[in-house]
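Taking it in order: structure first as C-alpha cells, then the write-up.
The values are calculated or read from the model by the stated rules, or taken from the named source; none is laboratory data. Just so you know, these numbers come straight off a predicted model, no measurement behind them. Because the Cβ atoms are built from the backbone with ideal geometry, glycine has one as well, and the counts that use them run over all protein chains shown. Note: areas computed on protein heavy atoms with side chains; ligands, DNA, RNA excluded. Shrake-Rupley method; radii C 1.70, N 1.55, O 1.52, S 1.80 Å.
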Amino acid sequence: MRAGRIVGLVAATLCGCASQQMSIRSLPPETPAADNAAAAENVAELAAASVAEIAGEHSQTAPNAAPLVTPADAPSMYTYDPWERVNRFTYRFNARFDEAIFFPVANGYRRLPAAVRARVHNFFGNLTEVDSVINYLLQWRLGHSVRSLGRFVINSSLGIGGLFDVAKDLKLASEPTGLSTTLAKWGMHPGPYLVIPFLGPSTLRDGVGLVADYGAAHVVNVADLYRGNEAWALGTTDVIDQRANISFRYYATGSPFEYETIRFLYVRKRLIEDGGLHWKGARNKADVAAPAGK
Amino acid sequence: MTARIIQIALASLFLLASLVNAAEPVMPPPATGPATGLADTAALRATVFGTPPKDMAPLPETVPLAEINIALPWARPVPQVFWFDARLRVWLSAQRRAAPLAVVIAGTGGDGNTPKLAILRGALYRAGYHVLTMPSPTFPGFIVSASSTGVAGDLLQDSRDLYAAMQAIITKLPRRVQITDIDIVGYSLGGANAAVVKSIDATEGKLHIHRAVMINPPVSLFTSLTRLDNLFASSIGAGDAGVESLYRQLYAQLANLYRSSDRVEVDEDFILAAAAVELTTDAELSAAIALSFRIDLVNVFFAGDLYAGTGVVVDPQHPPRVGDSLEETARILRGKPFSEYFSRVFAPYYLKHRPNSTGKSLIADSRLEIIGDALRGDADYYAQTNSDDLILDARELAWLKDTLGSRIAVYDHGGHLGNLGDRAQIADMLDMLAGRWNVTAR
C-alpha cells in the first residue's frame, strides 16, 4: 500500500515537472554574512594547516617513509568502466530521482532551525561510530578503534543519545571509516566503476563495503533502531539529513561530460585516499590502463 | 553511508571546482604585457583565489532565493546528450516590497548561481534590489535552452538571446515581485553582454533597462581568447599530452600531500589547503587559469560542433545518443584551443548565416567597440576594472578609459575579478547603479 503510493508519487513527479513552461521553486534562504564569517575563520585554520602540511611533506624525506608518488605513478586518465551502459542509465535515473524527490525533500528539511538539524546530524553521525569501531579493528588500528568506541560512549551518554558531539570538544574529533577503506588497506583493488541506484558514484569494492557496513550496523542494532518499528522512519530521516548536508546538484555543470567528469574525479579521489597507489603492481595492468568502454 | 557516497561525489567536484571556480576562467595574461606592468604574482593570485573573506563588503544575514526554470519557445530541438538542459535555469531573490530589479550575468562558462554571482546577489539584495542572476550565454545550459544558434561566442547574437530570455522571464514573474526599475550588471564576459543587452534594449525598448555596470569586461573577445591559447600552450603544453602531464603532476602532488597529512578524506578543506600549498608559482597559477578556461571551452566547442553540424568531433549524421560514451570526444576536445573552435566551428557557421561577413569582420564584431558610441554618449554605462587585470593590455585599458571617461573606476590591484566583492568594488558598484557615482570624489 505504502509502496504503491510511493511508486505513484515517483512516477507523477518524474513525468509531471517538465511540462510547465515556467516554474518557480523556492529554496532555503542563503546566509552570506554567516558564510563569510565562517570562511574568514577557515582561512586562518587553513593557513595553519597548510604550514603543518608543508612540514609534513618535508618529513616524507625521512629514510623509512614510503617513497613519494611520482607523476609516472599516476593512473591513466582512462577509467575502468566495463558496465558503462548500465552505469550511465543509473546515473540518469539518479539525476531524475534527485531532481524530483530527493533534492526538494532535503530543501524542505533545510528550513528547519539549524540547531535542530545539527542534533539530527549528530545523532546519525554517532551511530556510524559502530562501523568505525569494527573497521578500525579490522584495519588493526586499535588506537583509532578505541577512540571511536570512546566517542560513541561519551556522545551516547554525555551527549544525550548522540544529539551533541561532546567528544569533539574533548579533542576527539570524528574520523569515520568503513569496510571500503578496510578492504583498500588489505590491498584490494577498487574494481570497476559502479553507479549505485539512488546513492551515486562508487566502485565495486566501495559498493560491497557500503552494503556490508549497513549490514553490520543492522546486526549490532544499537537500541533496536535498525530493526524496531521506527526503523523505516529513522532510516528515511537519516537519508534526508545526509542529502541536506550535500550541496551537489546533478547536472549543475550543464555539461554532457558530467558522467565522465564525476567518474574520473571519484576514482582518483578514492585512489588518493587509499594511499596514492600503494598497489604499485597493479598500475600497469590492463584493467587500470584500458580505455573505458572499449 | 549514503552521505559518504554523495560526499565523495561532492568532494570530487571540488577537485574540479577548485580549478574552475578559483579562477573566473575568462582570459589570459596578454602576450603584449599587462596594462601597467602590475600583472605579477599578486595579480595571478588574486585572480585564482578571489577576495579574502576579511575584505568582503558587508553582506546580509539572509537572502531569500528561488530557482526559476523556463522553457523558451525559440530554443532549438534539444539533442539527446543535452536532455538535462532543456529549460533555462535562473535564480531570483525578491524583496517583499516594490524595488528596482538588478539582473546579473555570469562570466564565461558560468551558470546562473556561481560563487561570484552569489556575492553580487548578497550585496545587491542588501542594497534593496530584487536580484535575478543569469548564466553566461557560453554556459551549456544556456546554449541548449536559450540560444537561437547553438554556436556561442558572438557578442551581439549571444546578447540578443540573453535579452529575449530576460524578457520571457521578467514578464512572467509573479505579481508580488513589483519592479520599479531595471538595471543590469555583469562580470567578465558577462559585463560585455550586459552592456550590449542595454544597447539592444535602447533600440527595442522592451524592458527599459536603466543603468549597466560592467565588472572587469573584456574589450576584444577574440584577442583575449587567443592570448589564453598562448597561455595554455606555455603553461601546460599543446594538445592532450600537456593535459595528461599536468594531470599526472597534480595527482602526484595531491597524493603526497594527502599521505603526509592525517586527514581521513579528500574533501573540500583538503582541496582548499592543497590549492594554497601547491598553487604558488606564476606557472602554476597560470596553468590553473588556462585549464579552467579550457574545461569551459570543451563544452562550448562540443555544443557548437553539434548544432552547427561542422563535424569536427560530432558526426552530423550520427550524433551521440544519450547512453553513449563521450570519453574519447572529451579527450580530443581538451587538446583543442579556442583558435580551432573559431576556425572550424564558429567562423564556418557565421560566414554561412551572415551575408557579407568575413573572418575579419567576425573578429571585429567580438569587440566592445560595436557599442562604442553608446558607451561614449550614454551616461548610464559604467565599468569597473583593475590596472593589473590580466585580460586587458595597455591599449585596451586606455580605450575603456577614453570611451567611458569619468564613468569607469580603475583599481590598482585585483587582477581579473580578484577584488570582486571587496568593500570598494561593491560600494562603487552600488553608487554607479544608483547614479550617484562621482569619480572626482574618489
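List of remarks:
- Among the residues of B:258-271, the average count of other protein chain beta-carbon atoms within 10 Å of the residue beta-carbon is 6.
- Between A:W140 and A:M22, the FRET efficiency estimated from the beta carbon spacing at R0 = 51 angstrom works out to 0.30.
- Based on Cα atoms of the protein assembly as shown, Rg over Rh with Rh as the Kirkwood radius reads 0.96.
- Across chain B, C-alpha contacts under 8 Å between residues 6 or more apart give a mean separation that, scaled by the residue count, equals a relative contact order of 26 percent.
- Springs join every pair of Cα atoms under 10 Å in this Gaussian network model of chain B, and among B:A424, B:A152, B:A241 the largest mean-square fluctuation is at B:A241.
- Measuring nothing but how far apart in sequence close Cα pairs (under 8 Å, 6+ apart) lie, relative to its length, segment A:84-288 scores a relative contact order of 24 percent.
- With a Cα cut-off of under 28 Å and a minimum spacing of 8 residues unless on different chains, the lysine pairs in segment A:84-288 number 9.
- Counts of other chain beta carbons within 10 angstrom of each beta carbon in peptide A:67-78 average 6.
- The candidates A:L68, B:L132, arranged from most to least accessible area with a 1.4 Å probe in the full protein assembly, appear as A:L68, B:L132.
- Residues of segment B:189-221 with amide N under 11 Å of a point placed 7 Å along Cα→Cβ from B:D181: B:210-212
- Evaluating 6.51 cos²θ - 1.76 cosθ + 1.60 at θ = phi - 60° for every residue in segment B:111-117, the Karplus couplings come out as 7, x, 8, 5, x, 5, 5 Hz, glycine and proline recorded as x.
- Take each residue in B:275-285, count the other chain C-beta atoms within 10 Å of its C-beta, and the mean is 2.
- Pair A:V116, B:S361: separation of 7 Å Cα→Cβ label points (nm): 6.4 nm
- Calculated FRET efficiency for the pair B:A233/B:R97, C-beta based, R₀ 60 Å, to 0.05: 0.70
- Calculated FRET value between A:V86 and A:E230, using beta carbons and R₀ = 35 Å, to 0.05: 0.50
- Percent accessible area from carbon and sulfur atoms, the protein assembly as shown, protein chains only, probe 1.4 Å: 60 percent
- Computed over protein heavy atoms with a 1.4 angstrom probe, the accessible surface ordering of A:M77, B:M432, largest first, is A:M77, B:M432.
- In segment A:84-288, taking the dipole from charged Cβ atoms about the Cα centre, the farthest positive-side position among A:F89, A:L210, A:Y259 is held by A:Y259.
- If you wrap the tightest convex hull around every Cα atom of chain B and split its volume per residue, you get 153 Å³.
- DSSP-defined antiparallel bridges as percent of all bridges, the protein assembly as shown, nearest 5: 45 percent
- With a 1.4 angstrom probe, the accessible area lost at the A-B interface totals about 8000 Å².
- Ordering of B:326-334, B:400-408, B:44-52 by packing is B:44-52, B:326-334, B:400-408, highest average first (other Cβ atoms within 10 Å, averaged per residue).
- Per-residue ³J(HN,Hα) for segment B:208-217, Karplus 6.51 cos²θ - 1.76 cosθ + 1.60, θ = phi - 60°, Hz, x for Gly and Pro: 6, 5, 7, 10, 10, 10, 9, 9, 6, x
- For the protein assembly as shown, the solvent-accessible area works out to 40 Å² per residue, with a probe of 1.4 Å and every protein chain left in place.
- Binned Cα-Cα distances of segment B:264-406, short to long, each 5 Å bin given as a whole percent: 2, 7, 11, 12, 13, 14, 15, 12, 8, 4, 1, 0, 0
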